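K.L.:
First the structure, then my questions, so here it is.
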Amino acid sequence: MRDRAQTVIIGAGIVGASAAYHLAELGQPDVLVVDQGPLFETGGSTSHAPGLVFQTNGSRTMCRIAQDTVALYRDQADADGWFGVGSIEIATTPERMRELQRRQGFARSFGIDGTAQLSPTEVAERVPLVDPSTILGGYWVPSDGIAKAVRIVSSLADKAKARGVDFEGGVTVVGFDIVDGRVHAVVTDRGRIDCERVLICAGIWGPSVGAMAGVPIPLIAVQHQLVWTDPIAELAGESREVVHPLVRHQDMAMYFRHRGDHYGVGSYKHEPIVTPQDLIRSPGGPLQPSLMPFTPDDFEVAEAEATRVMPSLAGSLQPSDPARSLNGMFSFTPDAGSIVGESTSARGVWVCEAVWVTHGGGMGRQVAEWMVEGEPSYDLAEADANRFYPFQMSPPYVVERGKQQYREVYDILHPLQQMNWPRRIRLAPWYERQRELGAEFFSGAGWERPQWYAANEALVPADAPWASRDAWAAQQWSPAVGAEHIATRERVGLFDITAFAKFDVHGPDALEFLERICANRIDRPVGSIVYTAMLTPRGGIRCDLTVIRKDQELFRVVTGGGSGQHDLAWLRSQIHDDEMVAITER
């Protein structure tokens, strides 16, 4: 094994392999990828993932990354790892049918071609095992498909190795050499590897690996069930590996995928089963480390529903057979987003965690671009590794929020839907007075923030054209919002900005620093308040905020509470080594 590399990637699953491949593509092949397991079925989530790749997403960024992922997987034709059979999301409730129409709207907006709403009969024409009388319709995406992730990893690794990247299995990371806040080496059970940067793609082991470097990675490993059927009579003689589209039955948190004369039935329809870090095994033994013994009782509801929607599966599911049933672990974070970027805790330590097969190829490209070019092609604010406040990385919070994200993985979620728990973490001094006025609180960065007051509902004119909305748009909303807006615009309003993030930029080079990264002119008299965008090296907008000049070398920055940690981390990352600038939270 090499004792030096410019970049060491920890984890040879789909994300690590994609990142290595893209680093080589970007002209930086001095990369060593290490994994504790055997290459390339290493025992992590990639090794057992069902391989569903569905591109439609309410987030434009995640939708584009999924599209890039499909393109990358499709290009690995030599691996026989991509089956572009399309996907169908079925609906059994009117609410889900309306959700499928909204999802098609996302797809059209974000450039996914060929989508369609299907009648029950049209669904059954594409997936003959579906009983059309059990569903109301479906949403069809022809460019989705099934990825055999281990095969794709092997293909990407071969191409990366041809450009100079090395892969080593059977290597366990035991520590890091970090001096003056910067990484200098990875320490393994097979020796030290000097390096300039590290990329942690360790999946469910991410928190343990990150802890060795002092880098918090707030995710939990939650078990998810998959059962393979006996041979199905209707598929007798089918020798092709995958033909039918993948099917997601989100009303019951389930999916179905075809394989030869069998079907796989996956279910999230059970309470979260969390595996603590200290109970996740190392490679070796009868089960892969990311697999746990099957829990048949948790599958009962899913089995009944599977045979209702696909009657041909009746009697073919054998959840008691350990050879065909598994509880596989996947990563869940407090807000369901990935964790990507350079840590502020240890410079040179990068993270690309909580990324599933659906986004693995495209996210590997984004993090590689970020490492090499200073920023990714897409705005990754929603996945920024530094977006979390300290309380959001506390173990109880990570567990509770991760479990809830598991419960909601296939739910219909309104964009403004608020979490139920944990709440009341951070309260303004006048919180009780706000409650007395009938405040409806939204949670932002842990703060309880009033969105409207019931006390102001009396201000709503009876004939106001904005006072009513359809059922979907009216969720998490009140016509009092309009009345409060008009009252503020025409008279005056008092705003509570307790939840805003505030930090001071100070030092001899503070002005020069802010002038370099801000779009607006900051060199104004003391007491001036400047609203400005902050720009990336390519001229893109990173964030917008307010800068107050408090003294010649002291500037107060005020930004939204939800983006505060993200903005603070980015500001600190822009300070040049020779600049005399400090940033202090207030």
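The values are calculated or read from the model by the stated rules, or taken from the named source; none is laboratory data. Only a predicted model underlies this, so the values are computations on that prediction, with no experimental measurement involved. Note that we place each Cβ from the backbone using ideal geometry, even for glycine, and neighbour counts take in every protein chain shown. Areas reflect the complete protein model, heavy atoms only, side chains present, ligands, DNA and RNA absent. Shrake-Rupley method; radii C 1.70, N 1.55, O 1.52, S 1.80 Å.
K.L.:
Given the conditions (1) open to solvent by less than 10 Å² (accessible area, probe 1.4 Å); (2) in contact with a Lys or Arg (Cβ under 7 Å, 6 or more places away or on another chain); (3) of a type in the set (S, T, N, Q), and given that Q250 satisfies all but one, which numbered condition is not satisfied?
P.N.:
Of (1) open to solvent by less than 10 Å² (accessible area, probe 1.4 Å); (2) in contact with a Lys or Arg (Cβ under 7 Å, 6 or more places away or on another chain); (3) of a type in the set (S, T, N, Q), only one is false for Q250: (1).
K.L.:
Would you check if there is a residue in the stretch 423-431 being under 21 Å from H224 (Cα atoms) and either surrounded by 15 or more Cβ atoms within 10 Å (Cβ to Cβ) or in contact with an Asp or Glu (Cβ under 7 Å, 6 or more places away or on another chain) (or both)? Break it down into steps so the answer makes sense when it comes.
P.N.:
Applying the first criterion (under 21 Å from H224 (Cα atoms)) to the stretch 423-431 yields none.
Scanning the stretch 423-431 turns up no residue that is under 21 Å from H224 (Cα atoms) and either surrounded by 15 or more Cβ atoms within 10 Å (Cβ to Cβ) or in contact with an Asp or Glu (Cβ under 7 Å, 6 or more places away or on another chain) (or both).
K.L.:
Another question, if that's okay. So, G191, is that one at pLDDT below 95 and surrounded by fewer than 22 Cβ atoms within 10 Å (Cβ to Cβ) or not?
P.N.:
When the stated conditions are applied, G191 does not pass them.
K.L.:
Only one residue in I90, I65 is under 26 Å from the mean Cα position of the chain (by Cα) and not in a helix (DSSP H, G or I), so which one is that?
P.N.:
Residue meeting the stated conditions: I90.
K.L.:
So is V15 open to solvent by less than 10 Å² (accessible area, probe 1.4 Å) and either over 25 Å from S109 (Cα atoms) or assigned to a helix (DSSP H, G or I) (or both) or not? Spell out how you get there, then give the answer.
P.N.:
Working: open to solvent by less than 10 Å² (accessible area, probe 1.4 Å): no; either over 25 Å from S109 (Cα atoms) or assigned to a helix (DSSP H, G or I) (or both): yes.
Against the criterion (open to solvent by less than 10 Å² (accessible area, probe 1.4 Å) and either over 25 Å from S109 (Cα atoms) or assigned to a helix (DSSP H, G or I) (or both)), V15 does not qualify.
K.L.:
Still on this structure, I have one more. I'd like to check which strands (runs of 3 or more DSSP E) are fully inside the stretch 310-380 and have at least 2 residues that are in contact with a helix residue (DSSP H, G or I) (Cβ under 6 Å, 6 or more places away or on another chain).
P.N.:
Output list reads 325-332, 349-353.
K.L.:
Being in contact with a Leu (Cβ under 9 Å, 6 or more places away or on another chain), surrounded by fewer than 24 Cβ atoms within 10 Å (Cβ to Cβ) and not hydroxyl-bearing (S, T, Y): is that true of L32 here?
P.N.:
no
K.L.:
Inspect all residues belonging to the stretch 128-142 and state whether any of them is of a type in the set (G, A, S), open to solvent by 20 Å² or more (accessible area, probe 1.4 Å), in a helix (DSSP H, G or I) and within 20 Å of M252 (Cα to Cα).
P.N.:
yes
K.L.:
Please work out which residue is nearest to W570 (Cα to Cα), limiting yourself to the stretch 349-397 and to residues that are open to solvent by 30 Å² or more (accessible area, probe 1.4 Å) and touching a His at 6+ places or on another chain (Cβ under 7 Å).
P.N.:
Per the stated criteria, the residue is A381.
K.L.:
Do the conditions hold for G105, that is, is it of a type outside the set (S, T, Y), over 30 Å from G284 (Cα atoms), part of a loop (DSSP other than H, G, I, E, B) and at pLDDT 95 or above?
P.N.:
no
K.L.:
Within the stretch 467-485, restricting attention to residues that are closer than 16 Å to Q451 by Cβ and either in contact with a Gly (Cβ under 7 Å, 6 or more places away or on another chain) or not small (G, A, S) (or both), which residue is most open to solvent (accessible area, probe 1.4 Å)?
P.N.:
R469
K.L.:
Quick check on the stretch 194-226: of everything there that is among the β-branched types (V, I, T) and closer than 30 Å to Y255 by Cβ, which residue is surrounded by the most Cβ atoms within 10 Å (Cβ to Cβ)?
P.N.:
Ranking the qualifying residues of the stretch 194-226, first place goes to I200.
K.L.:
Could you tell me whether any residue of the stretch 325-348 is open to solvent by 40 Å² or more (accessible area, probe 1.4 Å), at pLDDT below 95 and within 27 Å of P38 (Cα to Cα)?
P.N.:
Within the stretch 325-348, not a single residue is open to solvent by 40 Å² or more (accessible area, probe 1.4 Å), at pLDDT below 95 and within 27 Å of P38 (Cα to Cα).
K.L.:
Given the options D523, D567, D504, D544, name the one that is part of a loop (DSSP other than H, G, I, E, B) and not aliphatic (A, V, I, L, M).
P.N.:
Numbers: D567 fails: part of a loop (DSSP other than H, G, I, E, B); D504 fails: part of a loop (DSSP other than H, G, I, E, B); D544 fails: part of a loop (DSSP other than H, G, I, E, B).
Result of the check over D523, D567, D504, D544: D523.
K.L.:
Then there is this: Quick one: is R108 surrounded by fewer than 16 Cβ atoms within 10 Å (Cβ to Cβ) and touching a residue at least 24 places away in the same chain (Cβ under 8 Å)? First the steps, then the outcome.
P.N.:
Working: surrounded by fewer than 16 Cβ atoms within 10 Å (Cβ to Cβ): yes; touching a residue at least 24 places away in the same chain (Cβ under 8 Å): no.
No; evaluated as a whole, the condition is false for this residue.
K.L.:
Kindly list the number of the only condition in (1) within 30 Å of R542 (Cα to Cα); (2) more than 31 Å from the chain's Cα centre (by Cα); (3) not in a helix (DSSP H, G or I) that fails for R489.
P.N.:
(3)
K.L.:
Would you point out which residue out of L199, L226 is touching a residue at least 60 places away in the same chain (Cβ under 8 Å) and farther than 26 Å from S87 by Cα?
P.N.:
On the way: L226 fails: farther than 26 Å from S87 by Cα.
After ruling out the rest, the residue left standing is L199.
K.L.:
Continuing with this model, one more query. In the stretch 253-265, what count of residues is obtained for those that are surrounded by 22 or more Cβ atoms within 10 Å (Cβ to Cβ), at negative phi and in contact with a helix residue (DSSP H, G or I) (Cβ under 9 Å, 6 or more places away or on another chain)?
P.N.:
5
K.L.:
Turning to a different aspect of this structure: Among the residues of the stretch 261-292, what is the count of those that are outside any strand (DSSP E or B), farther than 11 Å from W205 by Cα and either of a type in the set (D, E) or touching a residue at least 40 places away in the same chain (Cβ under 8 Å) (or both)?
P.N.:
8
K.L.:
Within the bounds of the stretch 229-241, is there any residue that is part of a strand (DSSP E or B), open to solvent by 40 Å² or more (accessible area, probe 1.4 Å) and touching a residue at least 60 places away in the same chain (Cβ under 8 Å)?
P.N.:
In the first step, residues of the stretch 229-241 are kept if they are part of a strand (DSSP E or B); the result is 229.
Retained after the next criterion (residues that are open to solvent by 40 Å² or more (accessible area, probe 1.4 Å)): none.
Within the stretch 229-241 (the criterion being part of a strand (DSSP E or B), open to solvent by 40 Å² or more (accessible area, probe 1.4 Å) and touching a residue at least 60 places away in the same chain (Cβ under 8 Å)), the answer is no, since none of the residues qualifies.
K.L.:
Okay, moving on. Could you give every pair whose Cβ atoms fall below 7 Å, whose first residue belongs to the stretch 293-314 and is open to solvent by 60 Å² or more (accessible area, probe 1.4 Å), and whose second residue is at pLDDT 95 or above and in a helix (DSSP H, G or I), counting only separations of at least 6 or pairs across chains?
P.N.:
Once the first residue is open to solvent by 60 Å² or more (accessible area, probe 1.4 Å) and sits in the stretch 293-314, its partners that are at pLDDT 95 or above and in a helix (DSSP H, G or I) give R308/T134; A314/T307.
K.L.:
Take D278 and decide whether it is farther than 20 Å from Q404 by Cβ, of a type in the set (D, E) and open to solvent by 20 Å² or more (accessible area, probe 1.4 Å).
P.N.:
Yes.
K.L.:
Which of the residues spanning the stretch 510-526 are among the charged types (D, E, K, R) and either buried (at least 17 other Cβ atoms within 10 Å of the Cβ) or out of contact with any Asp or Glu (no Cβ under 7 Å at 6 or more places or on another chain) (or both)?
P.N.:
Of everything in the stretch 510-526, those that are among the charged types (D, E, K, R) and either buried (at least 17 other Cβ atoms within 10 Å of the Cβ) or out of contact with any Asp or Glu (no Cβ under 7 Å at 6 or more places or on another chain) (or both) turn out to be E512, R516, R521, R524.
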